[in-house]
2 protein chains.
Amino acid sequence: MLYEGEAHSSAFILRKGWTSSFKALPSGGQQIVDFQIPGDLPGLRSVLYRAADHSIEAVTLVEAAEIRASDLQNVFSEAPRIATAVLWAASRDEAMVVEHLVNLGRRSAEERMAHFLLELGERLNLVGLSGTTGFDCPLRQYHLADALGLSPVHVNRVLRRLREDGFVTFQKGRVEFHDLARLKGLCKFDTAYLDQKEPLLR
Amino acid sequence: MLYEGEAHSSAFILRKGWTSSFKALPSGGQQIVDFQIPGDLPGLRSVLYRAADHSIEAVTLVEAAEIRASDLQNVFSEAPRIATAVLWAASRDEAMVVEHLVNLGRRSAEERMAHFLLELGERLNLVGLSGTTGFDCPLRQYHLADALGLSPVHVNRVLRRLREDGFVTFQKGRVEFHDLARLKGLCKFDTAYLDQKEPLLR
DNA sequence: CGAACCGTTGAGACTATTCAACACGTGTGG
DNA sequence: CCACACGTGTTGAATAGTCTCAACGGTTCG
């Protein structure tokens, strides 16, 4: 879809489907930076920053609208408030990356998994794609592995433990929360960083 | 200095000294997201995003100029090219966070350390604070631990191994590269993500 | 029917952590 | 001036967490 190193000057608005943004490593592995769900703007950073410093790949079939760099430029000149809104969106992205960073740096495998699933549920909730009990999830265990910095084998074990302990199940494309409160406690989940409100500047 | 949760609507231009941006964890630990060196803009995101989603702390004595949110807003209206430049700076920050994320997710302790020291050297080089053989560094081993997601004890062992293997020394406030090429090979260091050039939009 | 992908499980090896102890330098109060 | 606490760096030993390798079952699809 969109690969590292290409000077690609388009972003997209994702209407349907999921994508992942990741960095490929010389060793052959990859680190997934984030998943995009409907409503997100994959590739936003590549419009502003010279080289796409990471790649984007479709996880499911995708329906997206292109935003060309030149369009963005015009809008910026004519409607500075939109510039602000875009900057806000970029900041929100970065906040999520930061949370992901904390996830990898200072949490155990179980906590990472719990936090990841809760964040995903919360984000899907904001765009109406998740109920309180669970959500449909097209990801594979190896997606989780690349996102959480774990081996696929260990992802499997962690999921098993969370399932056997009655926290959450991840099976056949569906995530079901069985004890949301206890799960949130497990990883000290706090949604503050998702900050759904509008930009500060107006 | 600037703490999480406070709705602080100022950013700073750091003139002299170092700061760190980090997230404190309920468990008592903390994950350092980045260090800021002279020329950086600590707190930029907190201007645009409602709550400061992470904290900033001085590492050394610091000299900084404040940028108020209202000023930024005026500049945005009157000079959209500056809006672009700010967005570019934010994108660069995010690119570094992403690289840090990869560091934590998919590299061993030695690779992390090597990559971290090389990145720091590169950044300091861009602002004239580093030579090719090494640089002055006010960080403690526990700073490295919080940044790299390692225990302080392990940081010490890793530094010892890198020193004994002739890669690099980190002692008494000074980093000395003894075999830059081999060190870059160790962690596959690639500066592309630092992308020193100006914004794409113009 | 076979190939490919995905999920599952076990065993053993390796990495990093925790706990504990000690050395060294610095600043402080008696 | 000495005694002491404190921060920092260093090292060892035991432990916990995660990885790798290997094997196997189920599904889907050609």
Distant-in-sequence amide H partners of B:Asp40 (H built 1.01 Å from N, under 5 Å): B:Leu14
Residues whose placed amide H lies under 5 Å from that of B:Trp18, excluding near-sequence neighbours: B:Val59, B:Thr60
Stretch gain in nm, segment A:Asn125-A:Arg140, where the contour uses 0.36 nm per residue and the Cα spacing is subtracted: 3.4 nm
Bins of 5 Å, starting at 0 and running to the largest distance - Cα pair percent for the stretch A:10-78: 4, 16, 24, 23, 17, 10, 4, 1, 0, 0
Area of B:Leu126 that stays accessible when all protein chains are in place (1.4 Å probe, Å², to 10): 80
The stretch A:101-194: Rg to Rh, with Rh as the Kirkwood radius over Cα pairs: 0.92
The protein assembly as shown: C-alpha pair distances exceeding 31 Å, %: 37
At 0.692 mPa s and 37 °C, Stokes diffusion of chain B via Kirkwood alpha-carbon radius, µm² per second: 183
Under 17 Å from A:Lys16, Cα to Cα: aspartates and glutamates that are on another chain or at least 8 residues apart: A:Asp34, A:Asp40, A:Glu57, A:Glu63, A:Glu66, A:Asp136
Mean separation of Cα contacts under 8 Å, 6 or more apart, over the residue count of the stretch A:67-179: relative contact order %: 19
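The values are calculated or read from the model by the stated rules, or taken from the named source; none is laboratory data. In this text the structure is predicted, and so the values were computed from the model without any measurement. The protein model used for the area step is the full one, side chains on, heavy atoms only, and it has no ligands, DNA or RNA in it. Shrake-Rupley method; radii C 1.70, N 1.55, O 1.52, S 1.80 Å.
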